[in-house]
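Worksheet: the structure to be examined is printed underneath.
The values are calculated or read from the model by the stated rules, or taken from the named source; none is laboratory data. Quick caveat, the model's predicted, so the values are computed rather than measured. Please note: Cβ atoms are built from the backbone with ideal geometry, for glycine as well, and neighbour counts cover all protein chains shown.
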Amino acid sequence: MAKKESHQIDSMDKSIENIDDKMKKSELHKFFISALKDIYYAEHALIDGLEKMQKSATTEELQDAFEDHQLQTKKHISRLEKVFTLLDEKADKKECEAIKGLIKEAEEIIKSTKDGSMTRDAALIIAAQKIEHYEIATYGGLVQLALTMEHEKVADLLEKTLSEEEETDDNLTEIAETLINFEAEEEN
């Protein structure tokens, strides 16, 4: 009897391995990994971008928000590395044109607005929220794909990051609405 059970367990293990092999070869899995590499690149690029935005911000509240987001972004990178490990994939970056464009737009805002102005802060918040919305859309889609492919632990990790991105977006909105936008409107 024990021999029969052992054979059944071996068969189940091989069946699971075959499913894993099929999953890794599927177009959806390949796209999922590509999208993970894309956001992994984006998170790395954001560390420098957020530092520039922090140094260029006028108000302490916005500087603090950008600093907090930098620290959070480092956690996101670490979390993505765990995701790659869970998927038995190498944590590689794939150049992300979208994030490069959004960071370039933020740099243009810094160049085209007056140093120390609330207008600059208002514009930086909009630039940062464009980045947040890109991340929210990406992580939201990745969570759904992970669930579809039954990668529950991966989905949980990505969901944590998604929630943090949404919180950051809400925080930026609050800073804009309660402090910056009204003062920017009063500037000459």
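Quick one: would you say residue 58 is of a type in the set (S, T, N, Q), assigned to a loop (DSSP other than H, G, I, E, B) and over 30 Å from residue 151 (Cα atoms)? Talk me through it step by step, then tell me what you get.
Details: of a type in the set (S, T, N, Q): yes; assigned to a loop (DSSP other than H, G, I, E, B): yes; over 30 Å from residue 151 (Cα atoms): yes.
The answer is yes for residue 58.
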Review point. What is the number of the single condition among (1) under 30 Å from residue 30 (Cα atoms); (2) of a type outside the set (Lys, Arg); (3) surrounded by fewer than 17 Cβ atoms within 10 Å (Cβ to Cβ) that residue 174 does not meet?
Key: (1)
Practice item. Would you check which residues across the range 46-89 are under 13 Å from the mean Cα position of the chain (by Cα) and of a type in the set (Ser, Thr, Tyr) and list them? Key: 73, 78
Point to revise | Among the candidates 85, 119, 138, 113, residue that is closer than 18 Å to residue 164 by Cα and of a type in the set (Val, Ile, Thr) | key: 138
Study note, to complete from the structure: Those residues of the range 143-188 which are of a type in the set (Gly, Ala, Ser) and within 13 Å of residue 121 (Cβ to Cβ) amount to 176, 184
Revision key, fill the gap. Given the conditions (1) of a type outside the set (A, V, I, L, M); (2) under 25 Å from residue 26 (Cβ atoms); (3) surrounded by fewer than 16 Cβ atoms within 10 Å (Cβ to Cβ), every one holds for residue 84 apart from (3)
**Study point:** Answer residue from the range 108-117, given it is surrounded by 15 or more Cβ atoms within 10 Å (Cβ to Cβ) and not polar (S, T, N, Q) and is nearest to residue 57 (Cα to Cα) among those
**Key:** 110
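Does residue 51 qualify as being within 24 Å of residue 174 (Cβ to Cβ), out of contact with any Leu (no Cβ under 8 Å at 6 or more places or on another chain), at pLDDT 95 or above and assigned to a helix (DSSP H, G or I)? Walk me through how you get there before you give the answer.
Values: within 24 Å of residue 174 (Cβ to Cβ): yes; out of contact with any Leu (no Cβ under 8 Å at 6 or more places or on another chain): yes; at pLDDT 95 or above: yes; assigned to a helix (DSSP H, G or I): yes.
Criteria met by residue 51.
Being under 15 Å from residue 36 (Cβ atoms) and out of contact with any helix residue (DSSP H, G or I) (no Cβ under 8 Å at 6 or more places or on another chain) narrows it down to one residue among 85, 148; which is it?
Numbers: 148 fails: out of contact with any helix residue (DSSP H, G or I) (no Cβ under 8 Å at 6 or more places or on another chain).
The conditions single out 85.
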Review point. Listed residues 176, 184, 155; which is of a type in the set (A, V, I, L, M) and at pLDDT below 95?
Key: 184
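A quick yes/no check of all residues on (1) touching a residue at least 12 places away in the same chain (Cβ under 8 Å); (2) closer than 30 Å to residue 152 by Cβ; (3) surrounded by 17 or more Cβ atoms within 10 Å (Cβ to Cβ):
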site: 54; (1), (2), (3): yes, no, yes
site: 62; (1), (2), (3): yes, no, yes
site: 91; (1), (2), (3): yes, yes, no
site: 127; (1), (2), (3): yes, no, yes
site: 134; (1), (2), (3): yes, yes, yes
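Of the residues that make up the range 154-171, is at least one in a helix (DSSP H, G or I), over 17 Å from residue 72 (Cβ atoms) and acidic (Asp, Glu)? First the steps, then the outcome.
Keep residues of the range 154-171 that are in a helix (DSSP H, G or I), which gives 154-171.
Then drop every residue that is not over 17 Å from residue 72 (Cβ atoms), which leaves 154-156.
Now restrict to residues that are acidic (Asp, Glu): 156.
The answer is yes, given that some residue of the range 154-171 is in a helix (DSSP H, G or I), over 17 Å from residue 72 (Cβ atoms) and acidic (Asp, Glu).
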